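Let me give you the structure first, and then I'll get to my questions.
The values are calculated or read from the model by the stated rules, or taken from the named source; none is laboratory data. Owing to the predicted nature of the structure, the values given are computational and were not obtained by experimental measurement. A quick note on method: Cβ atoms are made from the backbone with ideal geometry, for glycine too, and the neighbour counts reach across all protein chains shown. For accessibility, only protein heavy atoms count, side chains too; no ligands or nucleic acids. Shrake-Rupley method; radii C 1.70, N 1.55, O 1.52, S 1.80 Å.
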Amino acid sequence: SARAMPLSVVAPSAVTLVGCARAARDRCIARRAVQRPRAARLVCAGSGADDYAGMLSRALRTIDTGALGSSPATVASAPISTPTPAADPVEESTVKSAIKSPAERARDPRIAASRQEEAKLDSMREAARKRMSGKVDPEPASPTPTYDDIEPVVTSSESPEAGMVVDGGAIWRYFLCTAVQFSVMVWFSMWLSVGISRSPLDLTYQKALVGAWFGFNALKSRVFSPLNASRPKVEGEKDAIEERRRPSWMPPPIAFPIIWTTIAVLRAVSSVVVFSTTGTLNNPAHFAMLLHLAVGDTWNSINNTEKRLGVAVVGVCAVLASVYNVVYQYWSVTPKAGVLIAPSAVWITVATVLVYTIWKINPREDGTREPLWPMKPARA
């Protein structure tokens with residue numbers, strides 16, 4: 001009975017201590033709920049649940065040893081004070097300021113970077129688990145490109161002449177203008193021949209008139225052409241060289257006036273020799289010379305005015321054929337006249353090769369060469 005009395009006195013105190021320990025535990029749980037994870041180190045300092053448990057253990061040991069038997073009143077009357085927890089090292093305002101709202105956390109770049117790193121780690125861990133278990137997902141097949149956003153490239157095998165037709169009107173114009181010029185020069189030659197045959201002038205003056213007539217035609221026969229058959233000047237030839245490529249063997253621009261002047265003199269002299277042999281201008285040899293000059297003026301219009309390189313190749317071939325005919329006709333009258341006019345044929349042969357080479361080395365922007373016939377757009 002001596003041990004029962006202390007137990008009856010101490011039991012309520014033990015119950016009270018257990019209740020205090022539970023209350024302290026609840027306060028710690030509530031405090032951790034409102035703090036951030038990194039503030040978990042803020043524990044309930046002071047006399048916590050462990051202190052209450054220690055006090056309860058010491059009370060039970062006291063009961064077992066009978067230390068309370070002699071002075072029960074002291075134990076019973078001893079005031080039971082609730083342990084006061086120590087002061088929290090972090091103030092409540094600091095904790096509240098550290099807590100961020102969901103919107104602030106979403107805007108925080110550090111949190112976003114942390115989430116990305118966690119997602120990468122999760123995917124790596126998942127892939128490692130699948131490899132260890134032998135369940136590896138097959139690689140997804142690459143999608144077939146549809147090319148919906150790429151505009152189709154329209155290719156056409158049509159030549160640059162597509163939609164173009166041969167300009168028959170230009171061809172007729174060349175023939176007609178050449179015929180008109182030739183007819184006018186023949187008429188003047190026949191009129192001069194009739195005048196000379198009826199005049200009492202000496203043969204020397206007659207030869208001078210014939211030489212002047214053919215010399216004028218050799219230099220200015222284009223005045224009888226309906227076309228613009230002006231020849232290029234030295235300054236214009238320099239500009240043409242910049243516009244068109246020229247072969248390296250082409251003579252310098254200054255050489256052309258000298259060459260053509262020399263050829264004009266040879267034309268006049270050879271025509272006088274033919275006149276001295278026949279005594280008239282009304283003969284096929286002189287007509288061949290006039291036709292050659294008319295064809296040459298038409299070629300000048302095509303090459304220098306219209307600048308049709310392809311058509312100029314065909315035109316210069318006609319000029320070459322006409323000068324060969326002149327050499328043949330003059331040689332038929334007298335070999336001396338044929339020899340005098342032969343340098344003209346040689347030079348025009350060189351000019352033919354030059355014109356062909358210029359046409360060949362000057363393609364259009366698409367890489368094709370200009371057509372050999374005059375072209376025009378087809379009518380719709």
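So what does MET124 come to for accessible area, using a 1.4 Å probe and Å² rounded to 10?
Its heavy atoms expose roughly 120 Å² to the probe.
While we're looking at this one, here's another question. Can you list residues whose amide H is under 5 Å from THR334's amide H, if they're 5+ apart or on another chain and H is modeled 1.01 Å from N?
none
Classify the stretch 335-380 from the C-alpha gyration tensor, please: rounded if a/c falls under 1.5, else prolate or oblate depending on whether a/b exceeds b/c.
oblate
Under 5 Å between amide hydrogens, which residues at least 5 positions from MET164 or on another chain qualify, with H placed 1.01 Å from N in the peptide plane?
Residues meeting the amide H criterion: ALA378.
Another one. Leaving out ligands, DNA and RNA, what percent of the accessible area of the stretch 241-380 is carbon and sulfur, probe 1.4 Å?
66
Something else about it: Please list, in chain and number order, the residues 5+ apart from MET375 or on another chain whose amide H is under 5 Å from its amide H, with Hs placed from the backbone.
ASP167
Can you work out the accessible area per residue across the stretch 193-328, with the rest of the protein chains kept in place, probe 1.4 Å, in square angstrom?
In whole numbers, the stretch 193-328 has 48 Å² accessible per residue.
A further question on this structure: Using each residue's phi in the stretch 203-216, evaluate 6.51 cos²θ - 1.76 cosθ + 1.60 at θ = phi - 60° and report the 3J(HN,Hα) Karplus result to the nearest Hz, with x for Gly and Pro.
Here the 3J(HN,Hα) series is 4, 5, 5, 5, 5, 5, 5, 5, x, 5, 5, 6, x, 4 Hz.
Arranged from highest to lowest average of other beta-carbon atoms within 10 Å per residue, in what order do the peptides 279-285, 349-355 appear?
Peptide ranking by packing, descending: 279-285, 349-355.
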